1. Across the stretch C:203-224, what is the total count of residues that are in contact with a helix residue (DSSP H, G or I) (Cβ under 9 Å, 6 or more places away or on another chain) and among the polar types (S, T, N, Q)?
2. Quickly run through the stretch D:82-137 and pick out the residues that are touching a Cys at 6+ places or on another chain (Cβ under 7 Å) and basic (Lys, Arg).
3. Can you tell me how many residues within the stretch C:125-143 are within 20 Å of C:GLY80 (Cα to Cα) and either free of Cβ contacts under 8 Å to residues at least 24 places away in the same chain or assigned to a loop (DSSP other than H, G, I, E, B) (or both)?
4. Check the stretch C:13-31 and report whether any residue there is away from chain D (no Cβ under 14 Å), open to solvent by 40 Å² or more (accessible area, probe 1.4 Å) and modelled with pLDDT of 95 or more.
5. Taking D:GLY226, is it buried (at least 18 other Cβ atoms within 10 Å of the Cβ), in contact (Cβ under 8 Å) with a residue 24 or more places away in the chain and not charged (D, E, K, R)?
6. Can you work out which of the residues in the stretch A:115-144 that are of a type in the set (A, V, I, L, M) and over 18 Å from the mean Cα position of the chain (by Cα) is farthest from A:TYR61 (Cα to Cα)?
7. Considering only the stretch A:244-262, I want to know if a residue exists there that is under 16 Å from the mean Cα position of the chain (by Cα) and open to solvent by 10 Å² or more (accessible area, probe 1.4 Å).
8. Filter the stretch C:88-100 down to residues that are among the hydrophobic types (A, V, I, L, M, F, W, C), facing another protein chain (nearest Cβ under 10 Å) and touching a residue at least 40 places away in the same chain (Cβ under 8 Å) and give me whichever is surrounded by the fewest Cβ atoms within 10 Å (Cβ to Cβ).
Number of protein chains: 4
Amino acid sequence: MTRQPGQPCPIEPSDPVQDIAHLGNIELLTPRIDLTTAYFRDLLGMEVVHAAGPSVFLRGYGDYAASTLKLTAAPRPGIGCISWRTTSPAALDRRVNAIEAAGRAGRWIDPECGRGPSFRFRDPDGHVMAIYYEEAPYRAPEHLRSTLKNLPMRYTGRGVNVRRIDHVALLSRDVAADRRFMEEVLGFRLREQVRFDRGAVEIGSWLSPSILHHQVAYVVDTRRVGGRLHHIALWVDNREDVLRAADICSEHGVFIEAGPAKHNNSQGFYLYAYEPGGNRIELYTGSFLVLAPDWRPVIWDEAERGTGVYWGGALPESFLSYATPDAAAAAPVDAARVPVFDPS
Amino acid sequence: MTRQPGQPCPIEPSDPVQDIAHLGNIELLTPRIDLTTAYFRDLLGMEVVHAAGPSVFLRGYGDYAASTLKLTAAPRPGIGCISWRTTSPAALDRRVNAIEAAGRAGRWIDPECGRGPSFRFRDPDGHVMAIYYEEAPYRAPEHLRSTLKNLPMRYTGRGVNVRRIDHVALLSRDVAADRRFMEEVLGFRLREQVRFDRGAVEIGSWLSPSILHHQVAYVVDTRRVGGRLHHIALWVDNREDVLRAADICSEHGVFIEAGPAKHNNSQGFYLYAYEPGGNRIELYTGSFLVLAPDWRPVIWDEAERGTGVYWGGALPESFLSYATPDAAAAAPVDAARVPVFDPS
Amino acid sequence: MTRQPGQPCPIEPSDPVQDIAHLGNIELLTPRIDLTTAYFRDLLGMEVVHAAGPSVFLRGYGDYAASTLKLTAAPRPGIGCISWRTTSPAALDRRVNAIEAAGRAGRWIDPECGRGPSFRFRDPDGHVMAIYYEEAPYRAPEHLRSTLKNLPMRYTGRGVNVRRIDHVALLSRDVAADRRFMEEVLGFRLREQVRFDRGAVEIGSWLSPSILHHQVAYVVDTRRVGGRLHHIALWVDNREDVLRAADICSEHGVFIEAGPAKHNNSQGFYLYAYEPGGNRIELYTGSFLVLAPDWRPVIWDEAERGTGVYWGGALPESFLSYATPDAAAAAPVDAARVPVFDPS
Amino acid sequence: MTRQPGQPCPIEPSDPVQDIAHLGNIELLTPRIDLTTAYFRDLLGMEVVHAAGPSVFLRGYGDYAASTLKLTAAPRPGIGCISWRTTSPAALDRRVNAIEAAGRAGRWIDPECGRGPSFRFRDPDGHVMAIYYEEAPYRAPEHLRSTLKNLPMRYTGRGVNVRRIDHVALLSRDVAADRRFMEEVLGFRLREQVRFDRGAVEIGSWLSPSILHHQVAYVVDTRRVGGRLHHIALWVDNREDVLRAADICSEHGVFIEAGPAKHNNSQGFYLYAYEPGGNRIELYTGSFLVLAPDWRPVIWDEAERGTGVYWGGALPESFLSYATPDAAAAAPVDAARVPVFDPS
């Protein structure tokens, strides 16, 4: 064939097409909105950009969108709406059609804090998700403008200095069903899995819409509650930042559940700490990009998976048993522990 | 419309489609093949995996392909073939068609070191490039197998320990022509630019096929030679690794031209050192991912660009005047300087 | 001989005895006390513990004394009193006698901010110094108490997070005279020197009272003003902290004169930035401890010294020509540059 | 009084005098001399400088003495002679007298590998120690000469790159007796202690001859064997180096017992790994200098001490129960585990 440069190339239906660009926004539910807000602002160094009704909107200094983390006051901790941005308006249409074709009900939600209309639905396990395309880039006010033209906001040097949101890890009563939904309906790619019993039992799956190692993980919910959160992960630039975070959390009475240590799966370097509302927060860096378009998912069995740690302290029992909202009658002491730092 | 999950979604011709997955292989020409090989192996910690005729093939410990850097003996230093992997066989076909449609001659090259057939062509300035899809993942021999199942090769802890190749920076007599070629024919996205004279003169452009900030840069060749290399960049995991690299290079008599310092454009943290053959090598980390599907290129004018440095020592005159092959009668003393480390 | 354990061992007059324990306090003069205070508190993360008259007293989170940095309002920038703590009351007596025996007038100064009486005098070039022994360890208020029993104050995670003061670098019209004074009268040990003209001209000398590489440096004052300051150095825990400091200073419009880079002399990793009052501040780490009791001073000649940089950008001309108070009619633009951060 | 500058100041017997300069050499016993040598040379990056009879002599790149680590073939792992350098010949005489006065037999040992005659004795628990003054500074051969005039040996960039030896931790049947011996007879200063039962039981004591936090620690030997080693510690320059060490050890099958993590006592950042002979090796950095001449020892009780970890994984049971030589019939599997790296 012959064509003129600049003209679009013909696309074949069999081509892999990336319709989901990235994780756009995480809504976290908390029974202690003030302390939770202070935790993300004063300790983790995120910026509060907006407040409306029961919600406070924050961002990392490197996030290009106005807000990437939404904190909402609620009776119990847990995950609210997980929003994904699509790569184009057509991609949004395609995925809305795919979601409906998959028999999952959804509805359109009004614009919010710089984001346009989003289509809200639930994954098989019941987590609330949304997809959207329209997004107004963040315009920093004078006092938060960076001296770097390509950085959306000043690097403030406050606390942990989270750069951006990275991923969410969800519990599921049927990991395979949720994993297939993300693969087939949203076009995510499977990166790694933990499978027990000679591969018969899918314990966890890690998926991504881009070359990022993963932006969503599903791990089996042994208590079969549904719609629960294991943790959300925030990105810092290097391992030293994670170590600084351990010092900062320790000095402020924040409960550190695990780390600093290195995962075998994803190679991520992590610190897990609870925010005052009881949700598990991961401060995360390292890992690796998956550049191979034909990446073959890495499958870990019981022996290979071990404790999930490459080096560093073993993950405690609570890491396997605690999630939000908590299935137990009462939240564990750890989750109830209130940071002593001054929110003012 | 209704459809079954798992079925491909209809793609519209207007959709942005990523056909180029990533930079797959860099061929570097050197008049000192033995010293150059020792430099990448012993100092930078890359692994030699193969040798054939005048060429030696190396890899970074994190590269998934068998080889990502090819060193070829030649009378003068410079860049050889720059190979890009496509996202699918169909993507390869589309881009071959687009290249031919753009009026650029090309030909198919035989498989090499784990890579399948590649289609070789030249960019407008004359740099040799190739695109391919087939790639056999690296299988490490026993003594190089990692204890991490998702790492293709052992982290050896030798020297700088380069993780993977990152990008190439090329000189061009017509930056706009090369930039348009990469955008329109190969589907790259423009990330940042330096434009002088109120935007009239395009001094440099940085582009990427993925969410990586950039994998190719074109900067104006003031001497109008054509087909020249400014530098190739190798990725290390964090800033401390770049500082270690400065210690290692200094101890081995390797000429450090600039850095450690931080660019304003790309926010990359860098060290520029010459390999024994005279080519400029960048050890690189930091920078940022471009997750926004509608990223607006950042344009820097004379004043904003300054020396191209955010903080750290200013870039020396040689950074603007020296490239390989060198246009001057003789290579500068710096480039001729031979590292004193023992290649054995 | 026989003796009982616990009894003191007989000391011979010829024994080397360390009478000066460490640099105890630095007084800095500034024409912009409010901005200078905000700089050390908000950007460098030091803590304000006291204010009296024209002075504000600060500390690093790791300093054991109540205050180690005293900022005093003055018409021009420069160095005030440099205080050294002795190892014992007897050591204080010995050194007072030695100072007087050296023909240098001195007088006793009243206790201040946790420190007991100090004996104040001038070094040959005219810098004001003092020695003292009594020092009350810092007792942090509840909100600044660390969760580490052996850390005097909480690691707050604010800005650069300076740990402690490290050294002072002074200009001198007669480096040899000041160096000899510190060696012979105060018992400092010479560590490194820069000597030009085949060793005939002493350009600079670095000395220490302990195994720290150096706590005072004298460099020739080419303008022969007398009593001037080149810089004071504050310690951070690692090189990544210095890089963070470069980001923080850059974001707040603080003038960075040199670095991040590595000195050849002392092997220190540094960043030089001006505080709003015009004084040069070094953020410093790395270097090395001198454990050898018979260390032979390292002498650098013109060629070996080079620019004083092991790797990283060369030191600018201002590094050699600018000191406080400035000898020029007006302070250089750099020194006049006011950080744009909000002192509130 | 009046005196001339340069004349020694009169010393009073009551003055604290530092007669021990620093830890000079550690002798380690190993049943696997070849693998142990390869471990320190290839993985930890130490340099082999000499071999004689059953012993191999090594050094860290920053050590000023020719050799600081002596490996000696023996039937069982454990600690050999621990050598301390004095600050002067007179200091050596004083301490020899003090040791004999304390009723501890000793004898003079011939010079070895750059060190002059040393006086060998045993501490109360039976560990072999020696003190010496004469020491010839290391002269690196051409291929190991550093480009830094003040660095005794090239920074080779091999593996972990240990800079210098830091401290030894010994088990004792009577911690108080050994602690008093080091304080009263050798002039060490007590830095921190762990005391249980309201202070009645001395579990551990950390002491130092200089401003280094500690160079020797005694911890109770619950099995009451005598003369045993808990670990030796080697210094690396920053926390990132310790993390790299964890990667390197993991890739080479070296058993990591604990860390990377941060101690509460000493604030040290550590990694504990076993060398092939079964001895516990600590890779160590951070901690803090004790500049206060009147430092008050920090005492930790059961509750404050906790697991001895400030943050990071808890120390395993083996950390409390395993020492060398091992009291158990057989060494634990961990200790028997042989690194898989190729010693060649």
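1. Counting residues in the stretch C:203-224 that are in contact with a helix residue (DSSP H, G or I) (Cβ under 9 Å, 6 or more places away or on another chain) and among the polar types (S, T, N, Q) gives 2.
2. Scanning the stretch D:82-137 gives D:ARG94, D:ARG120.
3. Looking only at that region, the number is 4.
4. yes
5. When the stated conditions are applied, D:GLY226 does not pass them.
6. So, considering only residues that are of a type in the set (A, V, I, L, M) and over 18 Å from the mean Cα position of the chain (by Cα), the one farthest from A:TYR61 (Cα to Cα) is A:ALA136.
7. Within the stretch A:244-262 (the criterion being under 16 Å from the mean Cα position of the chain (by Cα) and open to solvent by 10 Å² or more (accessible area, probe 1.4 Å)), the answer is no, since none of the residues qualifies.
8. C:ILE99
The values are calculated or read from the model by the stated rules, or taken from the named source; none is laboratory data. Computed from a prediction, not measured in an experiment: that's the story for all the values here. So basically every Cβ, Gly included, is an ideal-geometry build from the backbone, and we count neighbours across all protein chains shown. With ligands, DNA and RNA removed, areas are computed over all heavy atoms of the protein, side chains included. Shrake-Rupley method; radii C 1.70, N 1.55, O 1.52, S 1.80 Å.
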